[in-house]
Amino acid sequence: MSGEDVSKIVELFFIAWMVVLFGFVIIKLLRGEVNTVGLLSTPQNSNEPQKLSEQIDPERLLLVISTIIAAVYYIMLTMQTTCAQGATDCWLPDIPNELLMLLGGSHSAFLTGKIYRRS
Amino acid sequence: MGNVDQRTGVFFVVGFLVVVCMLGVWAIQWDVKAQDVALLGFISFSAVIIAFAAAVLWNIIDGSIDLFGIISEPDDVANIDGKPKASLSRFQFLVFTFVVAGLFLMLSIEAGAFVNIPNNVLGLIGLSGGSFIVSKAVGPKAKDALTEVEKADATLKAAEIAAKKAGADAKTAEAKLKKAKADAAAAKVQE
């Protein structure tokens, strides 16, 4: 058995490990075994911190959507731009500034909303 | 009990040294090359790391590592109907960690070397982390929650003291009333 064979086995193991780990977390999330209470809404007022508002906070929804868009877009960008020309020269692609601005704006809205609702 | 543990430890160390010496003798005897030793070391280290990874995965599947609170705030910071509140910043951290770590691993395996991480990707993770820290700073703090509990405790104690005092006052007033009645009765008798 050569070093290359061993490294192939280790690589395969880590790919399988990561897929099972991520898959397990996502399955638990979908089955409701991961706590998501209050992910999209905040308590109604500071006097009743244990009672959630029935309405969804728009800035939270915006941040969730922009996070998922950014994640999917980056995966697609990586698949399109890297390693297609040859496996010896791979790289993680740069994120466009527009996407960073979108995320920065969503974060600003989220933090502003959080500060506003707390005051 | 302590002696048994100590003896086991000594046996383990001595046994380990014997195995290492035997391996050394075997390597010299059979003229093992440096590449073979390196391969053996690589296999051993890989086995250890794989064992760690497998143990973590098994504990998650087994339920020993509970993922319920993977995106939750600490219990003493925010609590909704007995459950900790989920944190959006933690959720975002989780998603970006999956994406960046997964792609980094895949590309590194494909390239056969660690790939460069562009500054904007680091900026993305930094943005997420920065927002997480700021949201912690402006959100409800555990200390505040503790202060509230302390305040409630202090109020309860004050109420208990006031109740005891009121009870004592009531007894004193009752005693005074009885004494006054007795005095009045005595005065009537004298008249």
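The values are calculated or read from the model by the stated rules, or taken from the named source; none is laboratory data. Just so it is clear, the model here is predicted, and its values are computed rather than measured. Here the Cβ positions follow ideal geometry from the backbone for every residue, glycine too, while neighbour counts run over all protein chains shown.
Worth a mention:
- Residue ranges of helices (runs of 4 or more DSSP H) in region B:1-115 with at least 2 members more than 10 Å from chain A (Cβ to nearest Cβ): B:2-29, B:34-62
- Looking across region B:120-159, the residues that are modelled with pLDDT of 80 or more and over 22 Å from the mean Cα position of the chain (by Cα) come down to B:Asn120, B:Val121, B:Leu122, B:Gly123, B:Leu124, B:Ile125, B:Gly126, B:Leu127.
Results for (1) modelled with pLDDT under 85; (2) charged (D, E, K, R); (3) under 33 Å from the mean Cα position of the chain (by Cα), shown as yes or no for each residue.
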position: B:Asn3; (1), (2), (3): yes, no, no
position: B:Gly15; (1), (2), (3): no, no, no
position: B:Ser46; (1), (2), (3): no, no, yes
position: B:Ile50; (1), (2), (3): no, no, yes
position: B:Ala55; (1), (2), (3): no, no, yes
position: B:Trp58; (1), (2), (3): no, no, yes
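- Subset of region A:22-33 [facing another protein chain (nearest Cβ under 7 Å) and within 15 Å of the chain's Cα centre (by Cα)]: A:Phe22, A:Val25
- Residue within region A:26-38 that is modelled with pLDDT under 85, part of a loop (DSSP other than H, G, I, E, B) and closer than 30 Å to A:Ile115 by Cβ present: yes
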